[in-house]
Every structure is written in structure tokens, then in C-alpha cells.
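Peer 1: Have a look at this one before I ask anything.
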Amino acid sequence: MAFLEIEDVHKSYGEHEVLKGVTLDVERHEVVCLIGASGSGKSTLLRCVNALEEIQEGEIRIDGDTVTGAGVDLNALRRDVGIVFQSYNLFPHMSVLANIMLAPTRVGGVSKQEARERAMQLLGSVGMEDKARAYPDMLSGGQQQRVAIVRALAMQPRVMLLDEITAALDPELVGDVLEIVRQLAHGGLTMLLATHEMGFAKEVASQVCFLDNGSILERGSAAQIFENPQEPRTQQFLSRVVKSGRL
């Protein structure tokens with residue numbers, strides 16, 4: 001039994017079927033990268049795992065517990081499954097420290113003192129303890145994204161979902177954010193991430209899934225997918241990536 005099991009998941013918006021029976025197993029401590037063109041279903045799949053989107057068919061399980069369907073404790077699910085988006089979604093009226101402390105104290109039942117200590121430790125780990133009292137509009141995009149990652153980590157999730165977290169950043173800021181993800185991967189955090197950063201995916205992924213038109217068309221190790229893709233559509237996608245200089 002895999003740690004995260006996605007079984008035959010279907011998701012539609014009206015007549016438009018976005019996910020067409022996606023099945024994927026993620027082992028504990030594994031880093032799985034979702035690649036594919038925009039609109040292929042990567043972001044929707046991540047949002048379904050965190051129950052931000054309701055699925056029509058299929059089942060998602062974490063450590064054997066079903067986390068889809070009626071009766072699911074969403075607060076418990078979101079303690080276990082953190083998510084970071086390409087838009088940072090920080091609360092603009094709250095300081096960096098307050099942003100990070102909010103969920104652990106409101107949802108996690110953690111005392112303010114413990115939440116503050118954890119937040120400062122996490123900010124220190126990404127070199128931003130001096131920004132604890134700053135507000136989001138005082139930070140660069142890369143700094144805001146680092147805070148967003150720390151905010152998710154403050155809940156001590158068992159699974160982290162990362163949805164194109166560098167897409168909105170200036171190129172010179174991408175490296176700092178990817179370095180944090182690299183450290184999390186080396187630390188053994190189970191992660192499922194959608195990314196256009198192919199070189200990064202090739203480096204950190206234990207498994208790569210190529211999504212096309214709502215289905216996982218091909219999956220395998222990073223070396224297999226990037227160096228010897230079998231499906232013509234995967235080959236076509238990666239050849240365009242290479243031509244664009246992104247791999």
C-alpha cells in the first residue's frame with residue numbers, strides 16, 4: 001500500500017472533463033513531479049488531493065485513510081496535506097509571522113508560543129528571520145513565495161503539494177525558491193509537484209508523470225522520462241522544451 005494513493009480519479013467542470021481516470025501511487029518520502037502542457041490537469045489533480053476540488057469518481061487515500069467523499073474531516077486533511085500555489089496567497093494585512101502562525105493556532109490547536117517558535121525556526125531555515133515583522137507588500141516575489149512555503153510547513157504536513165510555485169517569479173528569483181524545495185526533498189518530505197522547471201524535475205524527482213489531456217500518458221524515473229520517453233506525445237513535448245532552452 002502506497003502512502004498516497006490516487007485511484008481512478010475523474011474531475012469535470014460541467015461537460016468539460018479535466019481528469020479522466022487518473023491513478024497514481026506516491027510512496028513515503030518520494031518526490032513525484034507532474035509535467036505537461038498548460039491545461040493538462042496538473043493543477044486540478046493537486047487541488048483534488050487537498051479537497052479544494054471535489055472529484056466525481058474515484059478515491060484518494062493517505063496512509064490508508066480515504067480523504068475524498070462525504071464525511072471527510074477537511075481540517076485534519078489540510079493539517080496532513082500542505083499546498084503552495086504560484087500566487088503566494090499571503091494575507092496582506094498580516095505580518096509574515098502572523099501569516100505563518102495563523103493556521104497552527106486556529107486549526108492545529110498549537111499554542112501561540114509554540115507557533116511563534118516554530119515559525120521563527122522555519123524562517124531561519126530559509127534565511128528570512130529578519131523579515132518576521134514585515135508585511136507581504138514589503139517583500140520581493142521570491143521572498144513572498146518562501147514565506148508561503150514556510151506557512152505550509154508550519155502545519156508539519158505529511159504531504160506537500162507544490163503547484164507551479166516558480167511560475168510567477170522573475171527568473172533571478174527562481175533559484176532561491178527551488179533550493180528550499182531541494183532541501184525539503186533531501187530531508188525526506190513526501191512531495192507531489194507540478195512544475196515547468198524541467199531541469200529541476202530531472203534532478204529531484206524519484207518519479208515523473210507526463211500528463212496530457214487529463215490523463216497520465218507516461219510515467220517513470222526522471223532518467224527514463226527525460227532521456228528515453230516512449231510515448232510520441234511525451235517526445236514531442238520534451239523536444240519543444242529542449243528547443244526553448246528549459247532542459
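Peer 1: What do you get for chymotrypsin sites (Phe, Trp or Tyr not before Pro) in region 132-240 restricted to DSSP loop and a cutoff of at most 15 other Cβ within 10 Å of the site's Cβ?
Peer 2: none
Peer 1: Another question, if that's okay. Of the GluC sites (Glu not before Pro) in region 19-55, which ones lie in a loop per DSSP and count no more than 14 other C-beta atoms within 10 Å?
Peer 2: Taking region 19-55 and a limit of 14 other Cβ atoms within 10 Å, the loop GluC sites (Glu not before Pro) found are 27, 54.
Peer 1: Here's a follow-up. Using a simple charge model, +1 on the beta-carbon of Lys and Arg, -1 on the beta-carbon of Asp and Glu, nothing else, what dipole does the chain show about its Cα centre, in debye to the nearest 20?
Peer 2: That gives a dipole near 640 debye.
Peer 1: So, one more: For a footprinting-style exposure proxy, rank 42, 20, 131 by other Cβ within 10 Å, fewest first.
Peer 2: Ascending number of Cβ neighbours within 10 Å: 20, 131, 42.
Peer 1: Follow-up question, since we're still on this one. For the chain, evaluate the Debye formula with one uniform point scatterer on each Cα (no solvent term) and list log10 I(q)/I(0) at q = 0.10, 0.11, 0.15 Å⁻¹, rounded to two decimals.
Peer 2: -0.48, -0.58, -1.07
Peer 1: Which value in Å is the Kirkwood Rh of region 54-180 over different Cα pairs?
Peer 2: With all distinct Cα pairs of region 54-180 included, I get 15.4 Å.
Peer 1: Can you show me the helix-derived [θ] at 222 nm for the chain, built from DSSP H runs with n ≥ 4 at -39,500 (n - 2.57) apiece and divided by the number of residues, rounded to the nearest 500. Kindly include the intermediate steps, with their values, before the conclusion.
Peer 2: Numbers: 9 runs with 94 residues, N = 247.
Estimated from H runs of four or more residues: -11500 deg cm²/dmol.
Peer 1: Given 84, 68, 211, which one lies farthest toward the positive end of the charge dipole of the chain, if we put +1 on the Cβ of every Lys and Arg and -1 on the Cβ of every Asp and Glu?
Peer 2: Working it through, the farthest residue towards the positive pole turns out to be 84.
Peer 1: Using DSSP, restrict attention to beta bridges with both residues in the chain and report what percent are antiparallel, rounded to the nearest 5.
Peer 2: On the way: 20 of 37 bridges.
Percent antiparallel among DSSP bridges in the chain is about 55.
Peer 1: Find the all-direction average of the projected area of the Cα convex hull for region 31-93, expressing the result in square nanometres with one decimal place.
Peer 2: On the way: hull surface 23.9 nm².
Dividing the Cα hull surface by four gives the mean projection, 6.0 nm².
FYI, it's all coordinate maths here, none of it is from the lab. Note that the coordinates shown come from a computational prediction; the quantities given were computed from them, not determined experimentally. Neighbour counts run over all protein chains shown; Cβ positions are idealised from the backbone, glycine included.
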